[in-house]
Amino acid sequence: MILITGATGTVGRPLVGMLDHAGVGVRAVTRDMTSARFPAAVEVIQAEPSEPETLRDALVGVTAIFVNPRAVGAAGVELIALAREQGVKRMVTMSALNVEFDVERQPSRLRGEYNKEVEFAVVESGLEWVALRSGAYADNAIAMWAGQIRAGEVVRGAYPNSTWAPIHEHDIAAVGAHALLTDGLLGRRPVLTGPHSLTQPNMVTAIGAAIGRSLRFEEISPDAATQAMIRAGIPTPLAEGFLTMQAESYGQRGLVSNEVEEILRRPARTFAEWAVDHVDSFR
Ligand SMILES: NC(=O)c1ccc[n+]([C@@H]2O[C@H](COP(=O)([O-])OP(=O)(O)OC[C@H]3O[C@@H](n4cnc5c(N)ncnc54)[C@H](OP(=O)(O)O)[C@@H]3O)[C@@H](O)[C@H]2O)c1
């Protein structure tokens, strides 16, 4: 039995689907049963992973846990201690490519996430472990641009030549399933990225192609871009941290690792494929 925290989320939901499809027993944890909607064979557990005692009963019979730091918050060490007590053998955690960067280059940290602490706790747990150090999700494009794209043909942002290699969440989930089900990644921190380093105009053009519209990117000042992200609902520290990262990557090639392809023995999905998979988010 495998227990998935963050199960209703961007990576968790496809991961649950993949494990279920593989015929593995899955316990999916959510704080809100009404939003769960999982395949019939999946056991859905209502609990609050940032308060690990709420998971005590659900950990009985569990051999491996997928740990999402956003769901677990500051409770990583406590969750791991409880998991050991309940006989769990393996922890696979989400982490991030930038986990060892300066704090201002870790936007998620600025809004109170603990990727670094959770990764450290998992590595030091004495259990079998894998830490997935993912780069920026392609999915961030929804929060950044979907509102503008639904409203018109122009996407405005700062630092047009800042680049990164956006990764499809299904590739992170597939590597997560691999880490949970096989021994090949034990004791490793694979760096996961998409297959291509892309500028923002590249990404906007790919979304336009997917939805059959001619979109263009227009440069605005960093201040104006920050305010637009905040108006779109992105928390202020995250928006500011994101702009800092864009400023630093301006004109440089974003890191591309080939670990997704090496681990899954197939090419990583492209941003163009991701856009086709998410056309409804932009229409
Ligand atoms: N976005 C990126 O580019 C990126 C890149 C690298 C690493 N990461 C890391 O990946 C992790 C996020 O993964 P994800 O995008 O798959 O997660 P997510 O979809 O945002 O959240 C996963 C689930 O966690 C629960 N959750 C969300 N916010 C919560 C909160 N504040 N407190 C408690 N539970 C919460 C929700 O489940 P319920 O409502 O069902 O309980 C949600 O469905 C973070 O640690 C992030 O730093 C992100």
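Within the stretch 248-274, residues that are of a type in the set (Phe, Trp, Tyr) sit with their Cβ atoms under 8 Å from residues that are open to solvent by 40 Å² or more (accessible area, probe 1.4 Å), at 6+ positions apart or across chains, in these pairs: TYR250/TYR159; TYR250/ASN161; PHE271/HIS196; PHE271/ASN202.
Residues of the stretch 92-108 being under 17 Å from the mean Cα position of the chain (by Cα) and either surrounded by 23 or more Cβ atoms within 10 Å (Cβ to Cβ) or among the hydrophobic types (A, V, I, L, M, F, W, C) (or both), which ones? Within the stretch 92-108, VAL92, THR93, MET94, SER95, ALA96, LEU97, VAL99, PRO107 meet the criteria. Within the stretch 5-20, is even one residue modelled with pLDDT of 95 or more, more than 14 Å from the ligand (Cβ to nearest atom) and outside any helix (DSSP H, G or I)? Among the residues of the stretch 5-20, not one is modelled with pLDDT of 95 or more, more than 14 Å from the ligand (Cβ to nearest atom) and outside any helix (DSSP H, G or I), which makes the answer no. The set of residues in the stretch 109-143 being under 15 Å from the mean Cα position of the chain (by Cα) and part of a helix (DSSP H, G or I) consists of ARG109, ASN115, LYS116, VAL118, GLU119, ASN140, ALA141, ILE142, ALA143.
So, in the stretch 1-27, how many residues would count as being in contact with an Asp or Glu (Cβ under 7 Å, 6 or more places away or on another chain) and either open to solvent by less than 30 Å² (accessible area, probe 1.4 Å) or among the aromatic types (Phe, Trp, Tyr) (or both)? Don't jump to the end; show me each part of the working.
So the first thing to find is which residues in the stretch 1-27 are in contact with an Asp or Glu (Cβ under 7 Å, 6 or more places away or on another chain), and the list is 10-11, 14, 26-27.
Among the residues that remain, those that are also either open to solvent by less than 30 Å² (accessible area, probe 1.4 Å) or among the aromatic types (Phe, Trp, Tyr) (or both) are: 11, 14, 26.
Summing the residues that are in contact with an Asp or Glu (Cβ under 7 Å, 6 or more places away or on another chain) and either open to solvent by less than 30 Å² (accessible area, probe 1.4 Å) or among the aromatic types (Phe, Trp, Tyr) (or both) in the stretch 1-27 gives 3.
Among the residues of the stretch 207-217, is there at least one that is over 23 Å from GLN106 (Cα atoms), of a type in the set (Val, Ile, Thr) and not assigned by TED's automatic domain parsing to the domain that holds LEU110? Within the stretch 207-217, one or more residues are over 23 Å from GLN106 (Cα atoms), of a type in the set (Val, Ile, Thr) and not assigned by TED's automatic domain parsing to the domain that holds LEU110. Residues that are in a helix (DSSP H, G or I) and aliphatic (A, V, I, L, M) within the stretch 21-35 comprise just one, MET33. What are the residues in the stretch 109-143 that are among the hydroxyl-bearing types (Ser, Thr, Tyr), under 25 Å from THR199 (Cβ atoms) and open to solvent by 30 Å² or more (accessible area, probe 1.4 Å), if any? The answer is TYR137, and nothing else. Close contacts from the stretch 17-43, counting a first residue that is farther than 17 Å from LEU59 by Cβ and a second that is hydroxyl-bearing (Ser, Thr, Tyr), with Cβ to Cβ under 7 Å and a gap of 6+ residues or different chains, come to SER35/THR8; ALA36/THR8; ALA36/THR30.
Please note which helices (runs of 4 or more DSSP H) are completely contained in the stretch 200-255 and include at least 1 residues that are in contact with a strand residue (DSSP E or B) (Cβ under 9 Å, 6 or more places away or on another chain), at pLDDT below 90 and under 16 Å from GLY152 (Cβ atoms).
Answer list for the stretch 200-255: 222-231.
The values are calculated or read from the model by the stated rules, or taken from the named source; none is laboratory data. A quick note: this is a predicted structure, and the numbers were derived from the prediction, not measured. A quick note on method: Cβ atoms are made from the backbone with ideal geometry, for glycine too, and the neighbour counts reach across all protein chains shown. SASA here: full protein model, heavy atoms, side chains in, ligands and nucleic acids out. Shrake-Rupley method; radii C 1.70, N 1.55, O 1.52, S 1.80 Å.
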